[in-house]
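Down below is the structure, laid out as structure tokens.
The values are calculated or read from the model by the stated rules, or taken from the named source; none is laboratory data. Keep in mind it's a predicted model, so treat the numbers as computed, not measured. Here the Cβ positions follow ideal geometry from the backbone for every residue, glycine too, while neighbour counts run over all protein chains shown.
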Amino acid sequence: MRARSLFLPSFFFVVSACSSKDPAPASTAGAADDTGVTPAIDSAVPGVDASKDDTRPATDTTPPSCVETGCDGLVAQEWGTYTSVQGTDGKTLGGVHHVDEALPSWVHRRNFTNPSEYFFEKLPEEPLQQLETPVIYFWSKKPIDVEVQVRFPQGVVGEWYPDAKTFAPAIDSLTNVANGSMTWDLKVDPGISPSSFAPVDPTEIWAPSRHVASTPVLLPNLSGGGESEQFIFYRGLGTYDAPISVTSGADGVLHVKNASSDEVPAAFVLQVIADKAKIVPIGALHAGATLDVTPPAATQPLDTYVVDAQRTLKTALVATGLYDDVAQAMVETWTRSWFKNMGLRVLYVAPRKWTDAWLPTTITPTPISLTRTLVGRLEVITQAEETELVAKIREAAKTHATFDIASLGRFAEPRLRRALTLLTAPTDDLVYAKGLIEQSHERP
């Protein structure tokens, strides 16, 4: 049903828990980039001083939820984001496997030699979602061995750190993008010094996630060392289709629909054009309802807008139960990708039920509190962009001119796939568009 209409004026996945003295395993069911036609404005990460060391100093790692009660056990929090692209018909498009934010070379991958397949050894089907940078933090007053099992029924993990005990599917056995899983056996230890972490530049996307007063983790090796970090990290590709769609017409009004039976607690529309931008909260997306939204005019200077956007998203993240520094780490990690890249997008906080369905996770020993926060990112292709792209393809097919795929940005392939659905004739145009899609698919 159509619930309401809103006019906008034109101006690392987190888990928290404390365990009992004799905890039993518990299962919680369930579950960076250029989106416009121009490149990103700035790759620097706001809030990170490049002149300082990127490792955080040793601090009291008592979780905020235990400061008053003094709980003695394991606490964990997790955050992440997933990205999809839709045209004006609201259908999710394939071809979202292209990498935006490069990770350090020491991150583990299924395949180190083929970034055009998102570090898979092959890509047997087109993904609909890119699961980006879920991270899991822990808090413990004493060293404790922890096992983490993550299943990805409708996807596969392609990159992770520290190394996993086991993962599936096995290398060279991919038949579809599904039935993924990861298992880590780690030591959560307040005695681990952040100075033992693998070095990263303070401006890299990896750095902000370390700015959390959690307890570090260690994958030990036989020599007494190992891989230490502030969190568990993983990311991959999925074939699930989130129940949020955005359709639009010539008037530019966005019709944001929640086709599920669950309320989405918070959603936002962002528009970035050149050095101006604007973010506007559109409130909750009620179950089964459609919200009509006029995109905000990009009127704020970029620096002012970024501060506003960080504050706005952080408030929504803290409302899900994320600690303040955890929420801050998330918005700093995604500032360039979410807030600075050109384009029109919708961000929304996924209901916990969706997270548990997409990424069923078991932590042993059992956390007594668990916060899991995913943010959905939906890149919107407008009718004006569709019309322009179809015209360019027709002209290039006719004149045999070189087509600049790179000008379409990170999501060139989904844009070209949408254009193909709008090209009905002549045959030469269709053949040319299919060739562009093949070329874009091979791009990293």
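Applying the condition of being part of a strand (DSSP E or B) and farther than 26 Å from PHE411 by Cα to the range 342-393 and asking which residue is farthest from the chain's Cα centre (by Cα) yields THR364. Across the range 230-282, the number of residues qualifying as under 30 Å from ASP163 (Cα atoms) and not in a strand (DSSP E or B) comes to 6. Residues in the range 370-403 that are surrounded by 19 or more Cβ atoms within 10 Å (Cβ to Cβ) and of a type in the set (Gly, Ala, Ser): GLY376, ALA397.
Of PRO162, PRO202, PRO134, PRO190, all but one fail to be over 28 Å from ILE368 (Cα atoms), buried (at least 18 other Cβ atoms within 10 Å of the Cβ) and either assigned by TED's automatic domain parsing to the domain that holds ALA102 or of a type in the set (S, T, N, Q) (or both); the exception is PRO202. Look at the range 107-156 and say how many of its residues are of a type in the set (Asp, Glu) and under 17 Å from the mean Cα position of the chain (by Cα). Summing the residues that are of a type in the set (Asp, Glu) and under 17 Å from the mean Cα position of the chain (by Cα) in the range 107-156 gives 1. With respect to the conditions (1) surrounded by 15 or more Cβ atoms within 10 Å (Cβ to Cβ); (2) in a strand (DSSP E or B), ASP145 lacks only one, and its number is (1).
Restricting attention to the range 405-436 and to residues that are within 28 Å of PRO295 (Cα to Cα) and outside any helix (DSSP H, G or I), the residue that is farthest from the chain's Cα centre (by Cα) turns out to be LEU423. Could you tell me whether any residue of the range 200-209 is within 30 Å of HIS108 (Cα to Cα), touching a strand residue (DSSP E or B) at 6+ places or on another chain (Cβ under 9 Å) and modelled with pLDDT of 95 or more? Yes, that holds for at least one residue.
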